[in-house]
Amino acid sequence: MPAMIQIINLRKVYRVGKEKVVALSNINLAIEQGDVCCVLGTSGSGKSTLLNMLAGLEKPTHGQVLIGGVDITKLNERRMTKFRQRYIGFVFQSYNLMNDISSLDNVAMPLTYRGVSKHKRNKMARSMLRQVGLGDRVKHRPNQMSGGQQQRVGIARAFVSQPKIIFADEPTGNLDTKTTDTVMRMMVRMAKAIGQTLIIVTHDREISEYCNRVITIVDGDIVDDRINERPKGAELESGDEEKTAAVAGA
């Protein structure tokens with residue numbers, strides 16, 4: 001069976017004035033379904049460009065990105081948007097929540113784009129908010145919540161429609177150490193429970209300790225790709241599989 005994500009001879013070059021800046025040199029990579037993978041690199045390393053390529057937010061200069069066998073580099077914007085809505089979830093450093101609506105409505109939003117009825121999407125969103133420990137915050141707006149609570153709403157939103165892939169872009173950059181540990185363990189457990197592929201992009205080496213695979217990128221090239229035999233947070237808590245799977249049928 002082919003890998004969930006296949007990257008073939010991927011190259012991205014930007015023009016800055018009369019100069020060319022190589023953001024990605026010639027990336028070849030395969031990421032399997034169910035991997036919890038960290039793309040590690042400093043600012044300017046190319047990690048964010050790689051994330052944008054994988055999410056179909058930018059087109060490469062050369063090469064292919066296949067997700068589930070579909071070459072997303074060949075999709076137009078309309079088809080790419082539909083593909084993201086169906087297969088991809090995002091967790092952002094800055095949360096990217098809508099402050100004028102409740103946490104429930106924020107979490108339910110991806111289900112709206114899928115045509116899920118209001119009754120069912122609210123039921124699924126409530127279930128997901130309970131899973132992230134915010135069952136008593138369904139009516140709260142983001143600006144009434146702490147940073148850690150807002151990020152948990154963001155996680156619930158990313159996972160609620162059970163996409164095959166979750167991209168997390170510096171998901172703990174605005175959080176303290178204790179909240180970072182809580183958030184990372186939560187994401188890993190939820191992804192593992194139903195076999196989702198979780199890709200975390202970060203500059204923080206400590207975050208890589210939660211992942212079973214760590215890919216290091218420097219100046220647009222992959223310089224290291226290793227397996228982490230004992231990642232933090234990999235063990236599922238009792239009943240997590242049932243709780244997470246129940247969301248789909250809620």
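For the chain, the antiparallel share of DSSP beta bridges with both residues in that region comes to about 55%. Each Lys or Arg adds one and each Asp or Glu takes one away; over the other residues whose Cβ falls under 12 Å from the Cβ of L40, this sums to -2. Cross-link partners of K120 among lysines, defined as those whose alpha carbon lies under 20 angstrom from its own and excluding same-chain residues fewer than eight positions apart: K139, K243. Here the chain is treated with +1 on each Lys and Arg Cβ and -1 on each Asp and Glu Cβ, and its dipole about the Cα centre works out to around 1180 debye. The count of lysine pairs in region 1-79 with alpha-carbon distances below 17 Å, taking only pairs 8 or more places apart or on different chains, stands at 7. Grab the other residues whose beta carbon is less than 9 angstrom from that of M53, score K and R as +1, D and E as -1, and report the net. Overall, the nearby charge balance is +1. Only helical runs count toward this figure. For the chain, summing -39,500 (n - 2.57) over DSSP H runs of n ≥ 4 and dividing by all residues gives -10500 deg cm²/dmol at 222 nm. When peptides 48-61, 146-159 are sorted by average Cβ neighbour count within 10 Å, with the highest value leading, the order is 146-159, 48-61. Judged by the gyration tensor of its Cα atoms, with axes a ≥ b ≥ c, region 3-84 is oblate; a/c meets the 1.5 cut and b/c is at least as large as a/b. Charges were assigned to the Cβ only: +1 to each Lys and Arg, -1 to each Asp and Glu. The resulting dipole of region 28-164 about its Cα centre is roughly 660 debye.
Normalising by the residue count of region 64-138, find the relative contact order in percent from Cα pairs under 8 Å and 6+ residues apart. Write down the numbers at each step before the final one.
Working: 40 pairs, mean separation 15.8, N = 75.
Contact order relative to length: 21 percent.
Evaluating 6.51 cos²θ - 1.76 cosθ + 1.60 at θ = phi - 60° for every residue in region 138-147, the Karplus couplings come out as 5, 9, 6, 8, x, 6, 9, 10, 6, x Hz, glycine and proline recorded as x. Compactness of region 118-181, taken as the C-alpha radius of gyration over 2.2 N^0.38 Å, stands at 1.14. Comparing L50, V13, G63 along the charge dipole axis of region 1-73, the residue lying farthest to the positive side is V13, per the Cβ-charge model.
Under 5 Å between amide hydrogens, built in the peptide plane, is the criterion, and for R213 it picks out V36, C38, N228 among residues at least 5 positions away or on other chains. For the chain, the relative contact order is 26 percent, taking Cα pairs closer than 8 Å that sit 6 or more residues apart in sequence and dividing their mean separation by the residue count.
Note down the magnitude of the dipole of region 89-153 about its Cα centre, charges +1 on Lys and Arg C-beta and -1 on Asp and Glu C-beta and zero elsewhere, to the nearest 20 debye.
I would put it at about 320 debye.
Just add up the charged neighbours of V153: K/R +1, D/E -1, any other residue whose Cβ is under 11 Å from the Cβ of V153.
On the way: positive: R137, R141, R152, R157; negative: D105.
Overall, the nearby charge balance is +3.
Each value in this text was obtained by applying a stated rule to the coordinates, not by laboratory testing. The model shown is predicted, which means the values in this text are computed figures rather than measured ones. Note that each Cβ is placed from the backbone with ideal geometry, even for glycine, and that neighbours are counted across all protein chains shown.
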